[in-house]
């Protein structure tokens with residue numbers, strides 16, 4: 001169990017701040033507190049009076065409280081430091097003895113206290129509040145104000161831990177780019193930089209760790225160099241993704257710069273796909289910028305990047321309802337597109353990302369003319385369409401009727 005740093009309780013005369021703390025702990029526990037006054041050794045003790053209840057009534061018990069602050073030496077309290085417990089207890093008209101210490105009771109002293117408590121003829125109740133017991137009490141809600149008063153450094157550390165716990169809770173529910181922005185304000189630069197070591201990012205391969213160690217200095221501290229691309233290409237795929245994830249979560253501004261630079265330079269289509277996916281997390285990554293990078297990808301990579309967007313756009317009936325092809329508009333007076341299917345979807349790059357596809361529109365139509373009009377009729381229309389992805393939508397350049 002971690003304990004409080006009792007060396008914060010520094011004062012003159014030595015131990016007085018600790019004695020003041022113990023006095024206030026006693027008051028908080030509801031006992032009557034008084035001082036014995038200074039003795040010949042310039043020391044003074046506390047007296048706690050509490051009511052101990054039995055089956056019939058209660059009896060006041062006077063505790064002589066000896067406070068020993070050994071936080072600087074970190075030595076256990078010895079018999080010599082305490083002196084004659086029996087004489088002191090009797091001198092102050094007490095029934096019990098409480099040792100409060102910032103360390104622990106030494107072995108010999110603990111044995112002596114146990115012997116006094118078990119002596120049936122001349123029994124003296126004994127109790128030890130050592131650093132563990134005091135830490136347990138002071139970290140409870142009952143003594144929160146005393147922790148703030150006597151342990152300002154510890155209280156500040158607790159506040160930092162609480163803030164860090166809250167930060168981690170928030171980070172679990174937001175995009176990693178936002179995580180990076182949060183950490184930029186709340187986590188020291190040195191700590192974030194240390195998290196980018198090869199051993200921290202990719203503990204599975206020593207050679208990959210060396211490359212990551214070289215890259216982190218280039219990514220975080222220096223203007224981006226053309227040398228970064230061949231070094232990134234040397235990273236195994238999973239190690240590259242792990243590094244990208246860590247940089248986004250710690251240095252998001254630098255992450256965007258290095259990911260964009262890499263995307264504009266590399267010819268590896270598998271890397272390009274993941275780089276575009278990563279860059280889409282950044283607001284400053286515009287559609288035009290994405291298209292300029294994606295246009296260098298092969299057909300398979302373009303399919304992976306855009307087929308869902310294009311298929312969703314092409315099968316959106318509201319688009320076709322607003323601009324019906326003439327063949328469908330002439331079919332009947334009342335038109336309803338009941339189904340759209342996309343087939344043979346292909347992509348190409350070069351100057352820009354474009355697509356072509358075969359589109360089948362299943363249409364239901366009826367006419368209100370005449371005494372009874374024309375009953376509902378269904379028909380399928382086949383078109384060849386082409387266009388280009390436009391952000392989250394599609395733009396259609398050409399629609400050609402097939403049959």
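The values are calculated or read from the model by the stated rules, or taken from the named source; none is laboratory data. In this text, all values refer to a predicted model and were calculated from it rather than measured experimentally. Neighbour counts run over all protein chains shown; Cβ positions are idealised from the backbone, glycine included.
General remarks:
- Here residue 400 fulfils each of the conditions (1) more than 40 Å from the chain's Cα centre (by Cα); (2) part of a strand (DSSP E or B); (3) surrounded by 15 or more Cβ atoms within 10 Å (Cβ to Cβ) apart from (3).
- Any hit, segment 327-339, residues being within 49 Å of the chain's Cα centre (by Cα), farther than 18 Å from residue 397 by Cβ and surrounded by 15 or more Cβ atoms within 10 Å (Cβ to Cβ): yes
- Tally, over segment 32-44, of residues that are at pLDDT 80 or above and closer than 24 Å to residue 81 by Cβ: 3
- You will find that of 187, 170, 201, 174, the residue that is touching a helix residue (DSSP H, G or I) at 6+ places or on another chain (Cβ under 8 Å) and either at pLDDT 90 or above or on the phi > 0 side of the Ramachandran plot (or both) is 201 and no other.
- Spans of helices (runs of 4 or more DSSP H) in segment 287-376 with at least 1 residues assigned by TED's automatic domain parsing to the domain that holds residue 393, in contact with a strand residue (DSSP E or B) (Cβ under 6 Å, 6 or more places away or on another chain) and free of Cβ contacts under 8 Å to residues at least 24 places away in the same chain: 317-322
- Annotation note: of 64, 4, 29, the sole residue that is surrounded by 14 or more Cβ atoms within 10 Å (Cβ to Cβ) and either more than 45 Å from the chain's Cα centre (by Cα) or modelled with pLDDT of 90 or more (or both) is 64.
- Checklist (1) farther than 30 Å from residue 181 by Cα; (2) assigned by TED's automatic domain parsing to the domain that holds residue 181 applied to residue 278, failing item: (1)
- Counted residues, segment 258-270 - those being over 22 Å from residue 200 (Cα atoms) and either under 28 Å from the mean Cα position of the chain (by Cα) or in a helix (DSSP H, G or I) (or both): 6
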